Amino acid sequence: MTGIEIEIKLQLAAQRMGELRAWLRERAASSARLRAIYFDTPDRRLAAAGIALRLRHERGQWVQALKAPATGTLARLEHEVVVQRGRVDAPPAPDASRHVEGPMPEALRRVIDRNSPGAGLGAIFETDIRRTTIALRSRRGWVEIALDVGRIAASGRDPVAVNEVEIELIRGSPLAVVEVARRMVRSHGAWIDPASKAERGHLLAAGASRKPPDRARAVRLDPAAGLEHALATMLAECRRQVLANLAGVAGDAAYDPEHVHQARVGLRRLRSALRLAGIPRLAALDASAGALARALGQARDRDVLLGTITPALAQAGAPFVIAATPGAPTDIRGVVRSAPTQLMLLDLLAAEIELQSAPSARRSDSPPGEAPDPGLHTKEALEDALARWHRAIRRDARDFMSLDDDARHRLRRRMKRLRYGAEFCAALWSRKRQRRFIDALSVAQEALGRYNDLIVAMTHYHREAEREPRAWFAVGWLRHEADAQAARCAEALAALRECPAPFRRRTTAETDAPA
């Protein structure tokens, strides 16, 4: 059986499992035991290619399945072959050649020699799951809801529990999956985790408790596609980074502060993409992403204050340092798991799906006589937005030393937006010119980031000084450091003003006019 699997994976807190089981029982859900064995080469070539190869015992028979990445939101390629009937404790040998007629033979050939389809494959981990399923109709189509409870086991490792919900499209629009996921979030406190059982099993086998933070990746825009398709491409990359890092925070294992930082980077890139395209109906998504970014930002400010500023002050001989930040959120995991956060992420998925379904722009070889499609001017529309942002940045960069701290903070935010927008559009311009511009932006942004950290810390110490006079030492030290850093910012901004932008050039009058 060959097809494209469209699904959302959700995690549940263990204490919420009972209510979901009761909900499924009320709807006469069916239940089955699924034992699966996952295979790979010793150097994990399949996992590196995003491919999962498994044998699973279901309803008295062994089924071999191969899953691989596919184009489209929530989509994965899937090819299944019934191997034989048999007992759950008597699995057949894996044979990769069973899939060469499926939809992904080239991906398979890159990692396994067809002349020895079973050679080099070994069992990496196993899953033992009790799956409870129902079919549910929504306004957008039919989906299957599967509650999976069980464990993942690998040799020499303690098993890890599985408590997850899979919502898979049976027929209809992919938006049906999003719609039902919203119900699970509101009713059962579920949260999105894009990691498959295969990914979790490979982490377990490697002795890792969590995935490392996911960083930004480049995108390649098609200038001949419509603006909505260009935005869908940008959102797909932002969604990947945001979901992966937020899942790292939401899980039960201790998370790395870098997960929080990279989630914030993904949210800033997301908001930059939305503003770059300027599609009014997505303004609410921008606002809700901004609210989450601010909540995560408080955690990041705390980490900088306690992990960077405090040691520097101690080394400078400060008689008093802050040991904890009053009012800072202590439950970042709770913020990420919360319904507002998860519903925002589902809104992001819905927006991406809707943008992908928008009519494609006609290319330059459209039949003669047809009116030009606005989508053909995607490059110009994006460059216009970038030019406006660049104009405002050049103006404030010129006047940086006379700006107050709030205006300097706004300048930093604008620079981030311009940098991410320029990175999204990198494929549209000369590589050399684009790289120089991004480098200049990065240097100035880093300088302003350091300045902002000092100002935030100084604000905290000002408050402390009202009750603890020894904190005035820190205020003075931070003010001195901030003044020195401001001079470095001015120098970096002057270099940025001299660096030519890779997008459409404007006249000097246009560039220096108010935005």
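The values are calculated or read from the model by the stated rules, or taken from the named source; none is laboratory data. Since the structure is predicted, the reported quantities are computational estimates derived from the model, not experimental observations. So basically every Cβ, Gly included, is an ideal-geometry build from the backbone, and we count neighbours across all protein chains shown.
Quick notes on this one:
- Set LEU292, LEU282, LEU267: member being in contact (Cβ under 8 Å) with a residue 60 or more places away in the chain and either assigned to a helix (DSSP H, G or I) or over 22 Å from LEU343 (Cβ atoms) (or both): LEU282
- Cβ-Cβ under 8 Å pairs, at least 6 apart or on other chains, region 347-360 side modelled with pLDDT of 95 or more, far side in a helix (DSSP H, G or I) and surrounded by fewer than 15 Cβ atoms within 10 Å (Cβ to Cβ): ASP347/ALA284
- Test: ARG183 is among the basic types (Lys, Arg) and either buried (at least 16 other Cβ atoms within 10 Å of the Cβ) or over 14 Å from ILE8 (Cβ atoms) (or both): no
- Unique residue being crowded, with 19+ Cβ neighbours inside 10 Å, over 23 Å from ARG413 (Cα atoms) and either touching a Cys at 6+ places or on another chain (Cβ under 9 Å) or not basic (Lys, Arg) (or both) when the list is TYR461, TYR451: TYR461
- Here region 244-264 is the region considered, the condition is being outside any helix (DSSP H, G or I) and not small (Gly, Ala, Ser), and the residue that is farthest from ALA295 (Cα to Cα) is ASP252.
- Residue among ALA96, ALA47 that is within 25 Å of ALA205 (Cα to Cα), surrounded by 18 or more Cβ atoms within 10 Å (Cβ to Cβ) and either at pLDDT 90 or above or in contact with a Gly (Cβ under 6 Å, 6 or more places away or on another chain) (or both): ALA47
- Boolean, THR330 is at pLDDT below 90, β-branched (Val, Ile, Thr) and in contact with a Pro (Cβ under 8 Å, 6 or more places away or on another chain): no
- Residue check, LEU231 assigned by TED's automatic domain parsing to the domain that holds GLY421, closer than 18 Å to SER272 by Cβ and part of a helix (DSSP H, G or I): no
- Residue within region 428-438 that is charged (D, E, K, R), surrounded by 17 or more Cβ atoms within 10 Å (Cβ to Cβ), in contact (Cβ under 8 Å) with a residue 12 or more places away in the chain and part of a helix (DSSP H, G or I) present: no
- Failed criterion for ARG210 (all others in (1) within 19 Å of the chain's Cα centre (by Cα); (2) farther than 19 Å from ALA295 by Cα; (3) buried (at least 22 other Cβ atoms within 10 Å of the Cβ); (4) not hydrophobic (A, V, I, L, M, F, W, C) hold): (3)
- Put simply, of LEU403, LEU478 the only residue that is assigned by TED's automatic domain parsing to the domain that holds ASP303, out of contact with any Cys (no Cβ under 7 Å at 6 or more places or on another chain), over 28 Å from ARG220 (Cα atoms) and surrounded by fewer than 20 Cβ atoms within 10 Å (Cβ to Cβ) is LEU403.
- Enumeration of residues in region 203-228 that are in a helix (DSSP H, G or I), touching a residue at least 60 places away in the same chain (Cβ under 8 Å) and of a type in the set (A, V, I, L, M, F, W, C): LEU204, ALA205, LEU227
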